[in-house]
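These notes are about the structure you will find just below.
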Amino acid sequence: MRRSRLDALICAQEGMTSLSRAEIEAMQLRRLNALLVKAPDRQGFYRDLPASLRSLNDLKALPFTTPEELAAHGGRMLLLSQSAVERVVTERTSGTTGNAKRLFYTAGDLERTVQFFAAGLGELIFPGSVTMICFPFTGPNGLGELISEAVERLGARPLRVGVGKSYAALSEILKRERPDTYVGMPVPLLSLLRVCGRGSLRRALVSGDACPDSVLRCIEELLGSRLFPHYGSREMALGGAITCQAHAGMHLRENHVIAEIIAPDGTPLPEGERGELVITTIGMEAQPLIRYRTGDQARFLPGVCPCGSALRRLDTVSRLDAAAFLDLENAMFSLPWVADYRAVQTADGLQLEVLTCGEPTALPEIGAAWSLRPVRPEDRALIYGKRGVIHAVHSQWHVD
Ligand SMILES: [Zn+2]
C-alpha cells in the first residue's frame, strides 16, 4: 500500500528525509519554540507565555485559547504586521456575544493549504480526471478556489460547481462533463446520488460537515468506492487531516498543527479516547493559535497506520453537542427514499420537511410532524452550510 502522500509533502516542506514519531515531535517542538520566541516582542495576546519549552509535554501546562477569546482578541493574535496578511475571513459564531471571529492568512499560509489539499486529493484524483467541486466559490483564495488550484496542480480538470445548484442543473453537469470525482460536503453528495443517479462519479473527498457513519456507508454503496474524508477548520487555514489509501482515519498535518484531545475539565486524554480536539497551529504564519479549543469532538487512532505513516490519525470528527442531531441524520437518511430534509423547530414542536425520491415507507417514531413531497428537478439542497448548526436540533428530540 502506498504511504500517505502527506509524509512526502511534510518531508519536502521541512527538509526531512524520514518521519518517525520522534522526528515528528522534535520538529513540532522546534516549530512551537520558533513561534513562542516571537510572542513577547509582539506584545500581543500571547505575550506572557514562556519564550521556549523544553519538551512538547510542557505545552499541556499552557492556558487554552477559547473561541470567545479568538473572537474578542483575534487581531492581537497576529504574529505579523497587517501588511503581510493576504486574506482575512470573518466568521460570525453561533453564540450571541456579537463578536465575529477573524482569521488571518499570509500568502504562505494559503500556499501551504493548496499543497496540503493537493496531497489529500492526490490520493483519489489522477491526471486527466474531472473533479466537481461543490464548495462555495467566494473570490480569490476562497475555499472553492483553493481546491480548484490543487486539482489543477494534479493535472486534473476542476469543475467549479459551487453550492445551490438545482438537481436539474447537477444532472446536466454529470451528463455533459462526466466528472469522475466529487469534492464537497457529504449529505449533498448523498442527495445528488439519490436524485440524479450514480452518473459518472466514482470517487469522492468529503469535508466541511459532520455526518453519521451510516451516511458515509450509504454514499460508498452508491459510489462503489471508499470515501476519502477530510477534516479542516478556518483556524487551521482550512486544511487539517486527510485520508490515505488505508481508509483508517485522517492523517493530521502535524508540521502545522499539534493536536491534543482533552476531557471536559481540560485534562489531556490518552490516545484512543474521545474528547474535545485542541489545536496549536505551529505552521500558521499570520495567526498561530496556542491550545485552541475547537469545540469539535474526536479521538486519535492508536498506532502506526496500515499505510506505514507515523503521522497521527483522527477518527471521525463531530461537534461536541451534535449527538442528537447525528441520531436524527442517521434515522432520516437510513430511509432510502429521503432525498433531503430540513428540521424546523416551531412552537408546535419539530417539523420535518422532506423531499422524497421513491415510495415512502413507514415513518420512524421521532416525535415530529412530517411534510413529504416528491423532489422536483428545480429543487436544490435544503441546507447549504453545516447541517448541525443550521438545524439547531437539541437534545430534547429523541430518536427511537
Ligand atoms: Zn495512512
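Per-residue ellipticity at 222 nm for the chain, helices alone: DSSP H runs ≥ 4 residues times -39500 (n - 2.57), over residue total, nearest 500 deg cm²/dmol?
Numbers: 11 runs with 112 residues, N = 400.
Computed mean residue ellipticity for the chain: -8500 deg cm²/dmol.
Could you state the principal axis extents of the C-alpha atoms in the stretch 47-158, from the largest down, to the nearest angstrom?
Largest to smallest, the principal-axis extents are 52, 38, 28 Å.
Considering only DSSP beta bridges with both partners in the chain, what is the antiparallel share in %, to the nearest 5?
Values: 37 of 59 bridges.
Antiparallel bridges: around 65 percent, rounded to the nearest 5.
Under a crude label model (7 Å from the Cα following the beta-carbon direction), how far is L372 from F126 in nanometres?
4.2
What GluC sites (Glu not before Pro) in the stretch 279-366 are in a loop by DSSP, with at most 15 other Cβ atoms within 10 Å of the Cβ? All intermediate terms of the calculation are to be shown ahead of the outcome.
Details: sites: E285, E329, E353, E365; in loops: E285, E365.
Passing both the DSSP loop test and the Cβ count: E365.
Express the relative contact order of the stretch 195-270 as a whole percentage, based on alpha carbon pairs under 8 Å and six or more residues apart in sequence.
Numbers: 83 pairs, mean separation 14.8, N = 76.
Once normalised by length, the contact order is 19 percent.
Show the residues, 5+ positions off or on another chain, whose built amide H is closer than 5 Å to the amide H of T356.
Here A339, R373, V375 satisfy the definition.
Report the calculated FRET efficiency for H73 and D213 (r = Cβ-Cβ distance, R0 = 35 Å), to the nearest 0.05. Walk me through the intermediate numbers first.
Working: r = 37 Å, r/R0 = 1.06.
So the FRET efficiency works out to roughly 0.40.
Average the reciprocal distances over every distinct pair of alpha-carbons in the stretch 6-103, invert the result, and give the Kirkwood radius in Å.
Details: mean 1/r = 0.0633 Å⁻¹.
Mean inverse Cα-Cα distance, inverted, gives 15.8 Å.
Taking the inverse of the average 1/r across all pairs of different Cα atoms in the stretch 191-274, what Kirkwood radius in Å do you get? All intermediate terms of the calculation are to be shown ahead of the outcome.
Values: mean 1/r = 0.0671 Å⁻¹.
Taking the inverse mean of 1/r over all distinct Cα pairs, the stretch 191-274 comes out at 14.9 Å.
If one takes the longest principal axis of the Cα atoms in the chain, at what angle in degrees, from 0 to 90 and to the nearest 10, does the Cα axis of helix 323-333 lie?
Between the helix axis and the principal axis of the chain, the angle is about 40 degrees.
So if the hydrodynamic radius of the stretch 240-335 is defined as the Kirkwood radius over C-alpha pairs, what does Stokes-Einstein give as its diffusion coefficient at 20 °C and 1.002 mPa s, in µm² per second?
Numbers: Rh = 14.4 Å.
Stokes-Einstein gives a translational diffusion coefficient of 149 µm²/s.
Which part of the stretch 232-248 falls in the paramagnetic zone of E220, meaning amide N under 18 Å from the point 7 Å along Cα-to-beta-carbon?
Residues 242-248 qualify, since their backbone N sits under 18 Å from the label point.
Under a point-charge model restricted to the Cβ atoms of Lys and Arg (+1) and Asp and Glu (-1), what is the dipole moment magnitude of the chain relative to its Cα centre, in debye to the nearest 20?
Numbers: 45 positive and 45 negative charges, 191 e Å.
Value, rounded to 20: 920 debye.
Skipping prolines and chain starts, which residues have an amide H placed within reach, meaning under 5 Å, of the one on L350, given they are 5 or more residues away or on another chain?
For L350, whose amide H was placed from the backbone, the distant partners under 5 Å are A369.
Each residue of the stretch 253-259 in order: what ³J(HN,Hα) in whole Hz does its phi give by Karplus 6.51 cos²θ - 1.76 cosθ + 1.60, θ = phi - 60°, with x for Gly and Pro?
7, 6, 7, 10, 9, 9, 10
Give me a comma-separated list of calculated 3J(HN,Hα) values for the stretch 116-122, in order, Karplus coefficients 6.51, -1.76, 1.60 applied at θ = phi - 60°, integers in Hz, x for any Gly or Pro.
5, 4, 5, 5, x, 6, x
Under the Karplus relation 6.51 cos²θ - 1.76 cosθ + 1.60, θ = phi - 60°, what is the ordered set of whole-Hz ³J(HN,Hα) values for the stretch 376-381, x standing for Gly and Pro?
10, x, 7, 5, 10, 3
What does the highest-first list of 249-257, 136-144 look like by mean Cβ count within 10 Å? All intermediate terms of the calculation are to be shown ahead of the outcome.
Working: 249-257: 26.0, 136-144: 15.4.
Answer by packing, highest mean first, reads 249-257, 136-144.
Relative contact order for the chain using alpha-carbon pairs under 8 Å, separation at least 6, rounded to a whole percent?
16
How far is helix 213-223 tilted off the main Cα axis of the chain, in degrees rounded to 10, range 0 to 90?
It works out to around 70 degrees.
For the stretch 160-303, report the translational diffusion coefficient in µm²/s to the nearest whole number, using Stokes-Einstein at 20 °C, 1.002 mPa s, and a Kirkwood Rh over Cα pairs.
On the way: Rh = 16.8 Å.
Rounded to a whole number, D works out at 127 µm²/s.
Over all distinct Cα pairs, what is the inverse of the mean 1/r for the chain, reported as the Kirkwood hydrodynamic radius in Å? Intermediate values should be presented prior to the final figure.
Working: mean 1/r = 0.0452 Å⁻¹.
By the Kirkwood definition, the hydrodynamic radius is 22.1 Å.
Show the residues, 5+ positions off or on another chain, whose built amide H is closer than 5 Å to the amide H of C244.
Hits under the 5 Å cutoff: H251.
Report the convex hull volume per residue for the stretch 97-241, counting only C-alpha atoms, in Å³. Could you put the intermediate results ahead of the total?
Values: hull volume 17.4 nm³, N = 145.
For the stretch 97-241, the hull spanned by Cα atoms encloses 120 Å³ per residue.
Each reported figure results from applying straightforward, stated rules to the coordinates on display, with no laboratory input. Quick caveat: nothing in here was measured; it's all calculated off a predicted structure. Positions of Cβ are backbone-derived with ideal geometry, glycine not excepted, and every protein chain shown enters the neighbour counts.
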